[in-house]
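S.K.: So that we are looking at the same thing, I have put the structure below in structure tokens.
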Amino acid sequence: MKKNKAIVILLCILLLLVGVTYVDIFGVNAAGDGSASTIKLGLDLAGGVSITYQVVGDETPSATDMADTREKLQKRVEQYSTEAIVYQEGTDRLNIEIPGVSDANAILQELGRPGALYFIAQTDSEGKTNYDRYTYTMNKTIDELLADGSVVLTGTDVADAQAGSLRDQQMGNVRYAVSLTMTEEGRQKFADATRNAKEKGESLAIYYDGAIISAPGVEAVITDGNAQISPMESFERAENLASTIRIGGLKLELEELHSKVVGAQLGVDAISTSLKAGFIGLCLVMLFMILMYRIPGLASAIALLAYTALVVLLLRGFDMTLTLSGIAGIILSIGMAVDANVIIFARIREELAVGKTVREAVKVGFNKALSAIVDGNITTLLAAGVLLLLGPGTVKGFAQTLALGIAVSMFTALVVTRYILYAFYAIGLKSEKLYGVGREHKSLDLLSRKGIFFGISLAVIVAGFVVMGVSKAQTGDALNYSLEFKGGTQTTVVFNEKISLETANEKIVPGIENITGSAVQIQTVQDSDEVIFKTSSLTVEQREAINRMLMEDWGIEESKITSETISSTISNEMKSDTVIAVVVAIVCMLIYIRIRFKDLRFGVSSIIALLHDVLVVLAFYAAARVSVSNTFVACMLTIVGYSINATIVIFDRIRENMAVMSSREDLKDVVNRSITQTMSRSIFTSLTTFIMVAVLYILGVTSIRDFALPLMVGIVCGTYSSICLAGGLWYLFRTKIQPKKQK
């Protein structure tokens with residue numbers, strides 16, 4: 001690369017960095033709305049709409065019907081945000097909280113009144129017309145149609161409804177359609193209804209929330225319970241119809257009790273402290289990289305700034321909703337983004353140590369580091385992809401930010417850092433001293449101590465299970481579950497004046513925490529003096545104590561204080577979906593490692609090391625009684641991705657060294673040398689990541705600390721398992737389990 005070309009490349013990269021940063025801060029429109037300020041924030045950071053529905057009718061619904069209705073409603077509201085939640089309030093109410101929106105009326109209009117969906121025959125048994133197919137006008141009331149048998153199916157007879165597109169085989173045109181799947185009970189009803197309509201040449205109307213929403217003609221008798229409504233005018237129209245049919249399949253009919261716009265649960269302090277922590281952590285990581293790696297470190301610092309600016313831009317571009325765990329995940333990914341750079345720079349130093357020129361060392365360093373970077377990141381991307389497809393809403397939000405961070409970090413490390421280094425070299429920075437020359441370190445005999453390492457890990461894991469057993473016996477719960485997992489009590493208070501979130505946190509929450517002994521979540525209501533306090537389940541005495549405190553300290557009338565029992569926001573289905581998604585992700589990672597390394601024992605060893613990290617962090621949750629909240633899932637998933645990445649780097653070096661080992665060389669020495677050669681990478685990457693999370697813990701609010709503290713334990717544990725356990729496990733399997741020889 002010529003000097004002039006290098007200067008142009010550097011200027012282009014710096015101008016691009018400045019340009020993206022400008023768009024992030026100031027935007028490109030007249031209002032000056034930057035990408036950073038227009039990112040959609042979750043309910044915990046920015047608030048949103050809260051809607052309470054009540055079951056229609058005088059009879060108290062069963063717990064089963066309420067749980068089923070809640071699950072289906074959860075699927076429906078996730079179209080507005082993956083972070084939307086539905087939880088039960090009392091015995092006959094369901095509360096929906098949708099982040100990032102502020103127009104309750106628009107949501108209610110789109111959502112409609114859940115329940116009350118019917119399929120109506122065009123004519124009754126006497127041949128009288130029930131509705132006009134073309135104008136969608138009703139000739140009878142719904143009660144009359146129910147009474148004379150014209151309602152042939154109800155929403156509960158529909159198992160699923162999905163929008164899709166079909167391509168005409170002859171013309172090649174795309175048609176949009178809604179696919180219906182009936183339940184076992186609904187299958188026969190639908191067969192009878194379509195047979196009757198087909199014989200008469202009639203249609204079947206779909207009635208919802210007081211009006212006909214579709215009246216498709218019947219072209220065939222459908223006996224297998226699978227049907228299509230087509231053609232639809234657009235995919236959006238098909239999606240709206242499918243979504244309406246799905247919500248109409250609720251077992252219970254609901255009516256709106258009230259709706260309100262609620263404020264953030266954590267307030268602006270959560271955002272400002274997180275951003276401050278991110279900035280400080282970023283500066284510390286950049287300083288560390290420059291001090292450790294000199295010119296390459298400076299290149300990585302510039303690339304890290306580009307990474308941060310691009311992530312902010314793309315968060316807005318992909319319209320992602322950012323929650324508390326999402327912010328922590330993005331800040332964490334800044335620390336992990338240097339991982340690829342550390343691998344590359346270590347390789348460059350090794351090449352300089354064997355006598356290569358700086359230019360050759362840079363080129364070879366990038367080439368040799370490529371496989372470890374690609375393998376490590378693809379396994380984590382596989383996990384993110386599976387979680388995105390199979391996980392519940394909160395996990396999908398985490399998977400989106402994880403996948404985005406990995407993709408951008410690979411680009412900045414493999415492309416931006418490479419061109420900056422080449423440009424630095426071309427403008428005259430060619431001295432080996434500016435890049436650092438690696439030194440050959442004596443191999444540590446870690447495999448000889450593998451029994452000690454295995455014993456320590458086993459003891460910690462067993463101790464964790466013992467602690468969980470004792471906690472289970474004493475408190476009824478193995479872990480310190482938050483109200484997201486267990487449910488609790490919602491106390492709604494109408495104050496005599498408007499109370500800010502900060503005032504409530506400083507002056508009211510400590511008193512409630514003294515009474516309940518548990519953490520408190522707060523929500524304010526826009527244009528109202530109402531404040532909502534969510535706590536763990538309260539006894540009658542605790543509720544009365546809170547009421548007395550509020551009446552004595554704040555002069556509130558008792559009639560303005562109401563308490564309701566609320567269910568967990570993380571349902572059993574969400575838990576099972578998460579477990580299934582994680583299991584499938586692990587299997588996919590195992591398959592990928594088996595294909596890439598051509599040895600299943602690499603994959604099995606890495607998964608065991610990964611499970612070890614998860615169990616140790618679980619033991620820490622139990623021993624330290626850290627609150628297990630909705631960030632728990634994000635914490636565990638972050639550790640899974642982090643741990644597998646570090647282990648694969650070591651396995652990649654073992655594979656490389658085995659390819660050139662002599663017949664006289666002992667496999668044990670090769671493994672020890674491989675671990676030693678990659679140890680600086682393992683320690684430095686862990687250190688930069690630990691710095692980011694530690695700053696987050698020091699400056700963050702309580703909920704962020706509950707995320708950061710176990711994550712720091714996971715980072716240390718992941719480093720330990722990669723260095724001390726993974727290689728030892730593989731060596732044990734390699735020497736004790738031999739593959740079957742083909743005959």
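S.K.: I need the calculated FRET efficiency for the pair Ile290 and Glu255, taking r as the beta carbon distance and R₀ as 56 Å, to the nearest 0.05. Write out the running numbers ahead of the final one.
M.R.: Numbers: r = 62 Å, r/R0 = 1.11.
With R0 = 56 Å, the Cβ-Cβ based efficiency is 0.35.
S.K.: If each residue of separation counts as 0.36 nm, what is the full-extension length gain between Gln79 and Lys736 once their alpha-carbon separation is subtracted? All intermediate terms of the calculation are to be shown ahead of the outcome.
M.R.: Details: separation 657, 0.36 × 657 = 236.52 nm, distance 5.17 nm.
Difference between extended and current length: 231.4 nm.
S.K.: Hey, if you put +1 on the Cβ of every Lys and Arg and -1 on every Asp and Glu Cβ in the chain, which of Thr578, Ala622, Thr676 ends up farthest toward the positive end of that dipole?
M.R.: The Cα lying farthest towards the positive end belongs to Thr676.
S.K.: Which is farthest toward the positive dipole end of the stretch 536-647 among Ile593, Ser643, Val633, measuring Cα position about the Cα centre, with Cβ charges +1 (Lys, Arg) and -1 (Asp, Glu)?
M.R.: Ile593
S.K.: With respect to the cross-link table entries Lys40/Lys251; Lys72/Lys498; Lys72/Lys200; Lys363/Lys433; Lys368/Lys736; Lys442/Lys736, which display a Cα-Cα separation exceeding 25 Å?
M.R.: On the way: Lys40/Lys251 33 Å; Lys72/Lys498 36 Å; Lys72/Lys200 35 Å; Lys363/Lys433 17 Å; Lys368/Lys736 30 Å; Lys442/Lys736 27 Å.
Distance filter (> 25 Å) returns Lys40/Lys251; Lys72/Lys498; Lys72/Lys200; Lys368/Lys736; Lys442/Lys736.
S.K.: Something else about it: Using a 1.4 angstrom probe with every protein chain in place, what is the largest-first accessible-area order of Lys442, Lys598?
M.R.: Details: Lys442 180, Lys598 155 Å².
Final ranking, largest accessible area leading: Lys442, Lys598.
S.K.: Still on this model: Please work out how much accessible surface Glu502 shows to a 1.4 Å probe, ignoring ligands, DNA and RNA, in Å² rounded to 10.
M.R.: 60 Å²
S.K.: Give me the percent of accessible area attributable to carbon and sulfur for the chain, probe 1.4 angstrom. Before the final figure, lay out each step's value.
M.R.: Numbers: 19000 of 33280 Å².
Summing carbon and sulfur atoms, their accessible area is 57 percent of the total for the chain.
S.K.: Note down the net charge around Gly317, summing +1 for each Lys or Arg and -1 for each Asp or Glu among other residues with Cβ under 13 Å from its Cβ.
M.R.: Working: positive: Lys40, Arg316; negative: Asp24, Asp319.
Overall, the nearby charge balance is 0.
S.K.: Oh, and also: Under a Cβ-Cβ cut-off of 12 Å, what is the net charge of the residues other than Lys251 that fall near it, where Lys and Arg count +1 and Asp and Glu count -1?
M.R.: Numbers: positive: Arg70, Lys72; negative: Asp65, Asp68, Glu71, Asp157, Glu253.
Around Lys251, the charge tally is -3.
S.K.: Can you spot the aspartates and glutamates whose alpha carbon is less than 18 Å from Lys140's alpha carbon? Ignore those fewer than 8 places along the same chain.
M.R.: Reachable aspartates and glutamates: Asp124, Glu126, Asp132, Asp148, Glu202, Asp209.
S.K.: What net charge do the residues around Met66 carry, taking every other residue with its C-beta under 12 Å from that of Met66, with Lys and Arg at +1 and Asp and Glu at -1?
M.R.: Result for the neighbourhood of Met66: -1.
S.K.: Right, something else. Determine the order of His612, His441, His258 by accessible area, beginning with the largest, at a probe radius of 1.4 Å. Let's see the in-between values first.
M.R.: Numbers: His612 15, His441 115, His258 65 Å².
Listed by decreasing accessible area, they come as His441, His258, His612.
S.K.: I've got another one for you. With a point put 7 Å past each Cα toward its Cβ, work out how far Ser662 is from Leu389 in nm, to one decimal.
M.R.: 4.8 nm
S.K.: For the stretch 461-498, run through the trypsin sites (Lys or Arg not before Pro) and keep only the ones in DSSP coil with at most 15 other Cβ atoms within 10 Å of their Cβ.
M.R.: Values: sites: Lys472, Lys486, Lys498; in loops: Lys498.
Filter output for the stretch 461-498: Lys498.
S.K.: Ranked highest first by the average count of other Cβ atoms within 10 Å around their residues, in what order do 65-72, 631-638 fall?
M.R.: Put in order of decreasing packing, that is 631-638, 65-72.
S.K.: Calculate the dipole size of the chain relative to its Cα centre from +1 charges on Lys and Arg beta carbons and -1 charges on Asp and Glu beta carbons; express the result in debye to the nearest 20.
M.R.: I would put it at about 5680 debye.
S.K.: To the nearest 10 degrees, how steeply does helix 727-736 sit against the main Cα axis of the chain, on a 0 to 90 scale?
M.R.: Helix 727-736 and the main axis of the chain meet at about 90 degrees.
S.K.: Now for a different question. Return the subset of Lys276/Lys507; Lys5/Lys598; Lys575/Lys668 for which the Cα-Cα distance in this structure is over 32 Å, preserving the input order. Don't skip to the answer; put the middle values down first.
M.R.: Values: Lys276/Lys507 25 Å; Lys5/Lys598 43 Å; Lys575/Lys668 42 Å.
In this structure, Lys5/Lys598; Lys575/Lys668 exceed 32 Å between Cα atoms.
S.K.: Calculate, for the chain, the solvent-accessible area per residue in square angstrom, rolling a 1.4 angstrom probe over the heavy atoms of the protein chains.
M.R.: On the way: 33280 Å² over 743 residues.
Value for the chain: 45 Å² per residue.
S.K.: Another one. Using a 1.4 Å probe on the protein heavy atoms only, what accessible surface does Tyr87 show? Give it in Å² to the nearest 10.
M.R.: 0 Å²
S.K.: If you take the beta carbon distance between Ser680 and Val354 as r and set R0 to 25 Å, what does 1/(1 + (r/R0)^6) give as a FRET efficiency, to the nearest 0.05? Write down the numbers at each step before the final one.
M.R.: Values: r = 17 Å, r/R0 = 0.67.
After rounding to 0.05, the efficiency reads 0.90.
S.K.: For Rg and Dmax of the Cα atoms in Å, several values are listed as (i) 29.1, 108; (ii) 30.0, 97; (iii) 25.3, 78; flag the one computed from this structure.
M.R.: Answer by label: (ii).
S.K.: While we're here: Where does the chain land at 222 nm, in deg cm²/dmol rounded to the nearest 500, when only DSSP H runs of n ≥ 4 count, each adding -39500 (n - 2.57), divided by all residues?
M.R.: Values: 24 runs with 424 residues, N = 743.
Counting only the DSSP helices, I get -19500 deg cm²/dmol.
The values are calculated or read from the model by the stated rules, or taken from the named source; none is laboratory data. Since the structure is predicted, the reported quantities are computational estimates derived from the model, not experimental observations. Here Cβ is always computed from backbone atoms with ideal geometry, including for glycine, and neighbour counts include all displayed protein chains. Accessible surface areas use protein heavy atoms only, side chains included; no ligands, DNA or RNA. Shrake-Rupley method; radii C 1.70, N 1.55, O 1.52, S 1.80 Å.
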